[in-house]
Amino acid sequence: MPRSLMTHRAPAKPPVVGTATESGPSSAAERYFNRELSWLAFNERVLAEACNREYPLLERLRFLSISGSNLDEFLTIRVAGLVGQMQRGIDNRSIDGKSPAQQLTEIRRKVEELGDIQQSTLDELRGLLAEQGIRIADIDELGKDALRGLRRYFVDELSRVLTPQAIDPAHPFPFISNLGLALLFKLRRKADNASLIEMVLVPSGIPRFVRLPDQPDLFVPVEAVIARFAYILFPGFTIRGSGVFRVLRDSDIEFEEEAEDLVRFFRSAIQRRRRGRVILLELGEGFDPDAEALLREELALSEALVTRSAGMLAIGGLGAIVDALDRPDLSFEPFTPRYPERILEHDGDVFAAIRAKDIVIQHPYESFEVVVDFLRRAAADPAVVSIKQTLYRAGNQSPVINALIAAAEAGKSVTAVVELKARFDEEQNLHWAAQLERAGIQVIYGFIDWKTHAKISMVVRREEEGFRTYCHFGTGNYHPVTTRIYTDLSYFTADPALGRDAAKLFNFVTGYVEPSRMEAIAISPLNLRERLFELIDREIEHAREGKPAMIWAKLNAMTERQVIDRLYEASQAGVVIDLVVRGNCCLRPGVPGLSENITVKSIIGRFLEHSRIWAFGNGHRLPSARAKVFITSADAMSRNLDRRVEVLVPLRNKTVHDQVLRQVLLANLLDTEQSWRLQADGSYVRMATDDEGRRFNVHTYFMKNPSLSGRGTALDSESVPTLTLRGGKRR
């Protein structure tokens, strides 16, 4: 059992620097986009990929599934928070000045609109998949042979795990878990014509779709099978009506700062999450009005969103069909990540490779195995004295965890900072913490009221010259699954200053020892915000002095008011700002007098863009060897800057600096095929080509071309196409 967290409090937050500019449009609605509506716009872009005719059919189905899962999480977290504010009478205004009630009204309208688009998209994909021999079938369309097979499956397997529950005064209304799928049946007993309502919960452990052995390309939603053969469950009754429904509950964990034992708190909080208040009741087509009234009363739906679907519920489950099929002709061409040539040139000795020169690699184009090998090598190397590691999300089958355990068993001093507040991974992280402690690893849970979101590995090695520190700084999690689909950067360095800073950061998290002076990196919530503002202000000074002034950034979200206001101020001073923001963005670009020098684009494609990069011209036009370039674990959000431990790491090695700036960041800015341009009115327009009619796909570029400093001398660097800002244009 992991030890309890001591009840130390984190250091007080430093004062926030910078003030909002008053130039340009003054009302909140004119200056900012609503965060929640912007997120829904992002999910609409994800959903649009399901309609992208250039994608293989199964990949389009996967995007449809992702849009459904995304929406479920949004409702159970973000909408749940707004509902909670309304119930408690809290009138916290959004960045654009809307009350919780106003936001919920607009969110409901948009959620219903997205639901309609999802169903029409599914109808289209069903028809196209049927042409390829894959049927997501309406059970009423099936022939006798298929129905006989489904009946046999129902009798032999499904009926054994179903439990009908009567709904009457003698039977309390059954609990329906979060994301629970269920059916209600109106019955009449043949013996005495008595009416009865029965509920059947769909067990979470059974497959979402039924497949028959002799028809493996036929998929039937399990709730349709239950509805069709429910008469077998109710002998002696006539079924007068039925309906399928789904429940989504509040899934956020409200952290209690006075919790004396963080582990015990989260174990109980995970259980409470499953019983959170209902946020959404989703009803299937033709749901009985009397049954709906019953659900509304029993589930206490006064503030909940109730939607009616004309098609399939739980769209997020469609990913199971994609995973079940082996149809290369309907999927993306397989891609195998490359292992960095630089390390192979040193006979696999990752420490020798890093000692020779800093290395940056980009996942998933370069393999995540190099990160695991970094730890495995440390575990086996007798010269390694200690390993320190942050763990935010590590996955179910984590080779990183195994490497840390191997290091402890080999006698190394190993410290693991396990973040228990990683949403939806709390239970898995509790499990890993227990495993690590049993192996003799010092497990730390960090601060009571801040999440440790920084991604750092630190290895101290005894060498001839003395102790040397090797560090890995990442923009993504140490998660073997997401590293195959998320684009992230891994930066390996033996820079002494970065090593000293990393040590201070770990001391800050494990012992609450606030660093008095950092040599290179900035840490939130201590000084990362201040460092960003200093860099932006310096560009403003360059613009006012008549020098080139430019900012490039690639982030997942841009919602923090003071960061946005600082960028507005920079735009008004003449700084040219190009942002790649994948998800929600509250900054309103291209507004005269406010942000006419700012452009924002979002990239949605085969891989999920996740790396976070800032670049500042430093008195020169980007891209420039004299630019200041940083990677970070933080997005431009209040939670990242004020309530999380994050890092901003400067790239001072020339090779690494140029590769991140001139390849990764520039390629994202040049992309057209997967890019959407944010307009001043909040709409997004798909680009397809640039202003001169040329096309560029950032994912294809990196899949086809060896990249970054992991390339090594074994590959001809001149064979990699050089990226340029076409004709020197900023766009």
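Where a number appears in this text, it was derived from the coordinates with a stated rule and is not lab data. Treat the numbers as computed from the prediction; the structure is a model and nothing was measured. Every residue, glycine among them, receives a Cβ derived from its backbone with ideal geometry; neighbour counts consider all protein chains shown.
Amide H of VAL645 versus every other amide H placed in the peptide plane: which residues, excluding those fewer than 5 positions away on the same chain, fall under 5 Å?
HN-HN under 5 Å from VAL645: LYS451, THR452, HIS453, ALA454.
Taking amide H positions as placed 1.01 Å from N in the peptide plane, with prolines and chain starts having none, which residues 5 or more places from LEU212, or on another chain, fall under 5 Å of its amide H?
Amide H neighbours of LEU212, under 5 Å, 5+ apart: LEU218.
Under the Karplus relation 6.51 cos²θ - 1.76 cosθ + 1.60, θ = phi - 60°, what is the ordered set of whole-Hz ³J(HN,Hα) values for the stretch 39-47, x standing for Gly and Pro?
5, 4, 5, 4, 5, 5, 5, 4, 4
Measure out, as a whole number of angstrom, how far apart the alpha-carbon centroids of the stretch 186-252 and the stretch 524-568 sit.
Each part's Cα centre sits 56 Å from the other's.
Cβ neighbours within 10 Å, averaged per peptide: list 146-153, 523-530 in order, most packed at the top.
Output ranking for 146-153, 523-530: 523-530, 146-153.
In deg cm²/dmol and to the nearest 500, what is the mean residue ellipticity at 222 nm of the chain if only DSSP H runs of at least 4 residues count, each as -39500 (n - 2.57), divided by the residue total?
That calculation yields -10000 deg cm²/dmol at 222 nm.
Between the stretch 441-455 and the stretch 350-401, how far is it from one alpha carbon centroid to the other, in angstrom?
The distance from the Cα centre of the stretch 441-455 to that of the stretch 350-401 comes to 19 Å.
Within a Cβ distance under 13 Å of GLU198, other residues only, what is the Lys/Arg minus Asp/Glu net charge?
+2
Can you give me the orientation-averaged projected area of the convex hull built on the Cα atoms of the chain, in nm²?
In nm², the orientation-averaged hull projection of the chain is 34.2.
With respect to the cross-link table entries LYS110/LYS451; LYS554/LYS628; LYS455/LYS504; LYS451/LYS504; LYS455/LYS547; LYS455/LYS628, which display a Cα-Cα separation exceeding 25 Å?
Listed pairs above 25 Å: LYS110/LYS451; LYS455/LYS547.
Alpha carbon centre of the stretch 61-91 versus the stretch 583-650: separation in Å?
So the separation of the two Cα centres works out to 25 Å.
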